[in-house]
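Each remark here refers to the structure printed beneath this line.
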Amino acid sequence: MAKLYDCITEELQQFITQQQIFFVATAPLSPDGHVNLSPKGFDCFRVLSPNRVAYLDLTGSGNETSAHLQENGRITFMFCAFAGEPLILRLYGQGQTLLPSAPEWEEVSALFPTLPGTRQIITATINRVQTSCGFGVPLYELVGDRDHLLNWAKKKGKVGILAYQQQKNSVSIDGLSTPLRQS
């Protein structure tokens, strides 16, 4: 039931914009390293072109995605229909971390809402687009976004967030360094 595409079609882009959650997977090159799979919420994913995407990454307990991208660039995004017709969409590609100091930060960050705790933007060039049936994905109803992360970031403030990132987000669980903003 899998179907391959050369790019993100308009129909698939529409599907993406309807989803309230997506998942990001990365892994280090080491066979002993840990695969990272993270759920993402809020209005933080954008299709930039048929083969380019970006998401606004908020400060969290780790920074595995950025560490893995710096090491090898591999990234996979997954979207599942939890309402309506069943569908799973996977986007495979090569990603990079865009920090606020990057020249293109202003242009790309303007595509997203301003959220407290913003750490970086992850961009990816997509080289494989695949759908599958999603028949086994259960139906769920969205109640709403949790406000815990945003409230935590507001309480910490800009200086507190930067200190937290330096302390908790500079090295992956496998010891890989991550690119971090300096101010």
### Message
Within region 74-109, take every residue that is under 13 Å from the mean Cα position of the chain (by Cα) and of a type in the set (G, A, S) and give me the one that is nearest to C44 (Cα to Cα).
### Response
G95
### Task
Go through S38, S30 for me and flag whichever is of a type in the set (S, T, Y) and in contact with an Asp or Glu (Cβ under 7 Å, 6 or more places away or on another chain).
S30
### Query
Residues in region 60-71: is at least one in contact with a helix residue (DSSP H, G or I) (Cβ under 6 Å, 6 or more places away or on another chain), touching a residue at least 60 places away in the same chain (Cβ under 8 Å) and of a type in the set (G, A, S)?
no
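Could you please let me know if F77 is among the aromatic types (F, W, Y), touching a residue at least 24 places away in the same chain (Cβ under 8 Å) and touching a Pro at 6+ places or on another chain (Cβ under 9 Å)? Full working, then the answer.
Values: among the aromatic types (F, W, Y): yes; touching a residue at least 24 places away in the same chain (Cβ under 8 Å): yes; touching a Pro at 6+ places or on another chain (Cβ under 9 Å): no.
The answer is no for F77.
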### Task
Could you grab me the full set of residues in region 12-35 that are part of a loop (DSSP other than H, G, I, E, B) and hydroxyl-bearing (S, T, Y)?
S30
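Based on what the data block shows, is L115 closer than 20 Å to N51 by Cβ and touching a residue at least 24 places away in the same chain (Cβ under 8 Å)?
No; evaluated as a whole, the condition is false for this residue.
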### Message
What are the pairs with Cβ atoms under 6 angstrom where one residue, in region 159-182, is more than 24 Å from S30 (Cα to Cα) and the other, located anywhere, is surrounded by fewer than 16 Cβ atoms within 10 Å (Cβ to Cβ)? Sequence gap at least six, or different chains.
### Response
R181/L99; R181/P100
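Values quoted throughout were computed directly from the atomic coordinates according to the rules given, and no laboratory measurement underlies them. Please read all numbers here as calculations on a predicted model, not as lab measurements. Please note: Cβ atoms are built from the backbone with ideal geometry, for glycine as well, and neighbour counts cover all protein chains shown.
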